[in-house]
Amino acid sequence: MKLYSRPLSPASQKVRLVLTEKKLDWERQDVDLPNKENLEAWYLEMNSLGMLPTLIDNGHAFNESSVICEYLEDLHPDPSLRPVDLILRAKMRWWMGVVDDRLHYSAGAVVWPVMMRPALLEMSAEEREALLSRIPDRARQVRHRRWVEHGVDNPDFKQAVLVYRDTVQEMERMLSEHKWLAGNSFSLADCSLLPYFQAIKQMGWSGLYTSHSRVLDWFDRGQARSSYQAQITEQIPLPLLEKFQAVGAEFNQLLMETVTSAA
């Protein structure tokens, strides 16, 4: 079993959490995103959209992180990360859908214009267009062009901040009913959401959730798990974390103003 991954990719992180929680034997190969290794022919052969992660198992390539997580749960059901109760299982899948349909896109929309855009602006227009045109997903091409052109002034940025706000509010309500997102046991739902809180924490944007005590407690407990320590906390070099937080500090006020102005 081999996972093509990236240390700071939230979608990769959630699969690594599942692999580690289940204590499986697996091999990892990191894909060099800054140098667009994910757009090389060898990788596109496994994942036609050039997205991370990709899992190879018994000669089969699996794309889409939620699909991979469910596959691993089906293949290795012990220890279980899926509730037995059908209502809680439905809640688990609902939260996984929140990530797939809203939060994954929103994390990119708030972080990408801040962290990735500067490097693209240093390129010539021709170099930049040549790079963007290699992205197989046309919708992603359009988004990235928009984010390069407008930075945090693009409408996706504000909408993404509000998605985070709304998600945190819904989590606060749901966590009043049980310890974890889909019951009193840690599940695929928690594996799915934790990396997207890491994405904003490492930018210094924890103000998006710290006023919600249940969410803060949930995140603290998630970070304390050995799987989180091994696959997320220990994967972030201190100099890189300091860079993220320095850049993120420039935009923290804008984020919080966006939240309060739309309240």
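The values are calculated or read from the model by the stated rules, or taken from the named source; none is laboratory data. Predicted model, so just to flag it, every value in this text is computed and none were measured. Glycine gets a Cβ as well: all are built from the backbone with ideal geometry, and neighbour counts include every protein chain shown.
Annotations
- Scanning region 180-217 for residues that are over 16 Å from residue 96 (Cβ atoms), buried (at least 18 other Cβ atoms within 10 Å of the Cβ) and of a type in the set (A, V, I, L, M, F, W, C) turns up 199, 200, 203, 205, 208, 215.
- Criterion applied to 177, 126 was being under 29 Å from residue 43 (Cβ atoms), surrounded by fewer than 14 Cβ atoms within 10 Å (Cβ to Cβ) and charged (D, E, K, R), and the one residue passing it is 126.
- Condition met for residue 206 (without any contact (Cβ under 8 Å) to a residue 12 or more places away in the chain and either under 26 Å from residue 257 (Cβ atoms) or under 14 Å from the mean Cα position of the chain (by Cα) (or both)): yes
- Pair list, Cβ under 6 Å, 6 or more apart: region 226-240 residue more than 9 Å from residue 16 (Cβ to Cβ), other residue buried (at least 18 other Cβ atoms within 10 Å of the Cβ): 228/222
- Near pairs, Cβ below 8 angstrom, 6+ apart or cross-chain, from region 171-191 (at positive phi) to any residue that is outside any helix (DSSP H, G or I) and surrounded by fewer than 17 Cβ atoms within 10 Å (Cβ to Cβ): 183/85
- Inside region 183-209, residues that are over 13 Å from residue 161 (Cα atoms) and in contact with a Pro (Cβ under 8 Å, 6 or more places away or on another chain) make up a count of 5.
- Listed here are the helices (runs of 4 or more DSSP H) enclosed by region 169-233 that have at least 2 residues being farther than 18 Å from residue 11 by Cβ and modelled with pLDDT of 95 or more: 213-224, 226-231.
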